[in-house]
């Protein structure tokens, strides 16, 4: 199956990510959308809360084949090369074990926990992936200076 990737700019793309991940749309929010060969949204990655060293990401994947086809590679190139940021961050409610396992499998490392950060009794888990350790970033972009 073929996939194509584009910048997120349509209301239905925002609806797709909102229904699955609930990111807040801010002035600096950007996104990349994967469409399958039939024109269906297969996955979306939203990037926001940009700092001089990185940004936060949010994923919504309906067809995991879009990852293998290059969605995460597109995101890695955009963040690390185009935007020249060293880190990608994520915040995961500690009671969302599926998301935590997925992020670790994708290459993120847990760097902190914020007690009661999500809600009373549920910590926020902070994960991070560096440019040098990003398995989705092509080698030629890994040693660029931030």
Tell me which residues, restricted to segment 105-123, are more than 21 Å from residue 85 (Cβ to Cβ) and in contact with a strand residue (DSSP E or B) (Cβ under 6 Å, 6 or more places away or on another chain). 113, 114, 115, 117, 118, 122, 123
Can you work out which of the residues in segment 79-96 that are in a helix (DSSP H, G or I) and buried (at least 19 other Cβ atoms within 10 Å of the Cβ) is nearest to the chain's Cα centre (by Cα)? 79
Per the filter on segment 59-78, residues under 19 Å from residue 128 (Cβ atoms) and either surrounded by fewer than 17 Cβ atoms within 10 Å (Cβ to Cβ) or modelled with pLDDT under 95 (or both) are 59
Report every pair of residues separated by at least 6 positions or lying on different chains whose Cβ atoms are under 6 Å apart, first residue within segment 120-146 and over 18 Å from residue 89 (Cβ atoms), second in a strand (DSSP E or B) and at pLDDT 95 or above. 122/93
Are any of the residues in segment 26-48 in contact with a strand residue (DSSP E or B) (Cβ under 9 Å, 6 or more places away or on another chain), within 20 Å of residue 133 (Cα to Cα), modelled with pLDDT of 95 or more and assigned to a loop (DSSP other than H, G, I, E, B)? no
Within segment 65-76, considering residues that are touching a residue at least 12 places away in the same chain (Cβ under 8 Å) and over 12 Å from the mean Cα position of the chain (by Cα), the one nearest to residue 138 (Cα to Cα): 70
Being within 26 Å of residue 143 (Cα to Cα) and out of contact with any helix residue (DSSP H, G or I) (no Cβ under 9 Å at 6 or more places or on another chain) narrows 123, 103, 116 down to just 103
Would you tally the residues in segment 109-139 being assigned to a strand (DSSP E or B), within 16 Å of the chain's Cα centre (by Cα) and surrounded by 14 or more Cβ atoms within 10 Å (Cβ to Cβ)? 7
Considering only segment 6-34, state which residues are surrounded by 19 or more Cβ atoms within 10 Å (Cβ to Cβ) and more than 14 Å from the chain's Cα centre (by Cα). 13, 16
Here the qualifying pairs (Cβ atoms under 7 Å; residues six or more apart or on different chains; first in segment 23-44 and without any contact (Cβ under 8 Å) to a residue 12 or more places away in the chain; second in a loop (DSSP other than H, G, I, E, B) and surrounded by fewer than 17 Cβ atoms within 10 Å (Cβ to Cβ)) come out as none
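The values are calculated or read from the model by the stated rules, or taken from the named source; none is laboratory data. No experiment lies behind these values; they were computed from the predicted model shown. FYI the Cβ positions are ideal-geometry reconstructions off the backbone, even for glycines, and counts take in every protein chain you see.
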